[in-house]
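Student: Can you read through this structure? Questions will come right after.
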Amino acid sequence: DSGVTQTPKHLITATGQRVTLRCSPRSGDLSVYWYQQSLDQGLQFLIQYYNGEERAKGNILERFSAQQFPDLHSELNLSSLELGDSALYFCASSPGVSADTQYFGPGTRLTVL
Amino acid sequence: QQPVQSPQAVILREGEDAVINCSSSKALYSVHWYRQKHGEAPVFLMILLKGGEQKGHEKISASFNEKKQQSSLYLTASQLSYSGTYFCGTNMDSNYQLIWGAGTKLIIKP
């Protein structure tokens with residue numbers, strides 16, 4: 001158990017819908033990262049927040065947005081969902097702002113029908 | 001620029017050795033290694049830093065050749081539990097994001 005929690009574990013929805021994925025980092029970690037992993041593919045970095053501020057952006061679509069709240073939990077919002085958005089979405093956390101050890105949550109499996 | 005991992009996949013018998021490589025065309029500050037079992041989250045294995053410092057917590061060894069900008073992960077006397085996909089993440093500076101390789105799938109057969 002990494003100490004990072006993600007909810008929900010599974011999400012099934014239809015095309016065009018909007019969903020919110022939630023992540024709580026390990027106690028004391030200030031950075032949260034979001035990744036997308038399509039079936040048997042690598043990790044695609046989406047976005048990083050550090051202590052409430054956006055720190056780095058990767059290949060995140062305009063239909064996707066994220067935020068980190070004062071209690072450091074983070075949410076990833078996915079809208080106008082398409083079939084291709086079906087994937088595992090991982091959240092990871094680390095203590096600092098730089099590329100230190102990242103601790104991954106169990107992931108949210110999103111299925112868009 | 002995405003680091004290149006090789007091989008893409010390898011199948012071993014239990015007890016055999018494996019080497020997984022991660023190469024970059026850019027000068028690296030650090031290389032991070034993670035293992036992911038099917039359907040699970042990636043788990044940290046090791047960080048190798050420029051200058052030779054190495055941080056890890058499992059009985060897995062690795063090297064970082066700064067001249068070649070290549071890291072190698074050594075799995076000796078492989079066990080069934082070593083099966084999974086190994087990812088390397090690299091960065092050019094401690095303040096930069098990790099860029100992840102495509103992964104190496106390791107299958108260990110009894």
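Student: With respect to A:R109, is the statement that it is within 14 Å of another protein chain (Cβ to nearest Cβ), charged (D, E, K, R) and touching a Ser or Thr at 6+ places or on another chain (Cβ under 8 Å) true?
Tutor: no
Student: Determine if the stretch A:39-47 includes at least one residue that is farther than 30 Å from B:Q8 by Cα and part of a loop (DSSP other than H, G, I, E, B). Break it down stepwise before answering.
Tutor: Here is the first cut: in the stretch A:39-47, the residues farther than 30 Å from B:Q8 by Cα are none.
Within the stretch A:39-47, not a single residue is farther than 30 Å from B:Q8 by Cα and part of a loop (DSSP other than H, G, I, E, B).
Student: I would also like to ask the following. Suppose the filter is closer than 20 Å to B:A41 by Cα and out of contact with any strand residue (DSSP E or B) (no Cβ under 7 Å at 6 or more places or on another chain); does A:D40 pass it?
Tutor: Values: closer than 20 Å to B:A41 by Cα: yes; out of contact with any strand residue (DSSP E or B) (no Cβ under 7 Å at 6 or more places or on another chain): yes.
Answer is yes for this residue.
Student: With the structure loaded, tell me whether B:K105 is among the charged types (D, E, K, R), more than 11 Å from chain A (Cβ to nearest Cβ), over 19 Å from A:S98 (Cβ atoms) and out of contact with any helix residue (DSSP H, G or I) (no Cβ under 7 Å at 6 or more places or on another chain) or whether it fails that test.
Tutor: Values: among the charged types (D, E, K, R): yes; more than 11 Å from chain A (Cβ to nearest Cβ): no; over 19 Å from A:S98 (Cβ atoms): yes; out of contact with any helix residue (DSSP H, G or I) (no Cβ under 7 Å at 6 or more places or on another chain): yes.
Answer is no for this residue.
Student: State which residue pairs qualify: first residue at positive phi and inside the stretch A:26-54, second residue of a type in the set (K, R) in any location, beta carbons under 9 Å apart, and separation of 6 or more residues or different chains.
Tutor: So the pair list comes out as A:D40/B:K105.
Student: Identify, from the list B:A77, B:A41, the residue that is among the aliphatic types (A, V, I, L, M), loosely packed, with under 12 Cβ neighbours inside 10 Å and assigned to a loop (DSSP other than H, G, I, E, B). Let's see the steps before the verdict.
Tutor: On the way: B:A41 fails: loosely packed, with under 12 Cβ neighbours inside 10 Å.
Residue meeting the stated conditions: B:A77.
Student: If you scan the stretch B:66-102, which residues turn out to be within 11 Å of chain A (Cβ to nearest Cβ), of a type outside the set (S, T, Y) and either in contact with a helix residue (DSSP H, G or I) (Cβ under 6 Å, 6 or more places away or on another chain) or in contact (Cβ under 8 Å) with a residue 12 or more places away in the chain (or both)?
Tutor: Within the stretch B:66-102, B:F87, B:C88, B:G89, B:N91, B:M92, B:D93, B:L98, B:I99, B:W100, B:G101, B:A102 qualify.
Student: Based on this model, can you work out whether B:A27 counts as more than 14 Å from chain A (Cβ to nearest Cβ), touching a helix residue (DSSP H, G or I) at 6+ places or on another chain (Cβ under 9 Å) and surrounded by fewer than 20 Cβ atoms within 10 Å (Cβ to Cβ)?
Tutor: No, not satisfied.
Where a number appears in this text, it was derived from the coordinates with a stated rule and is not lab data. What you are looking at is a predicted structure, and each value in this text was computed from that prediction instead of being measured. All Cβ positions, even for glycine, are placed from backbone atoms using ideal geometry, and neighbour counts span all protein chains on display.
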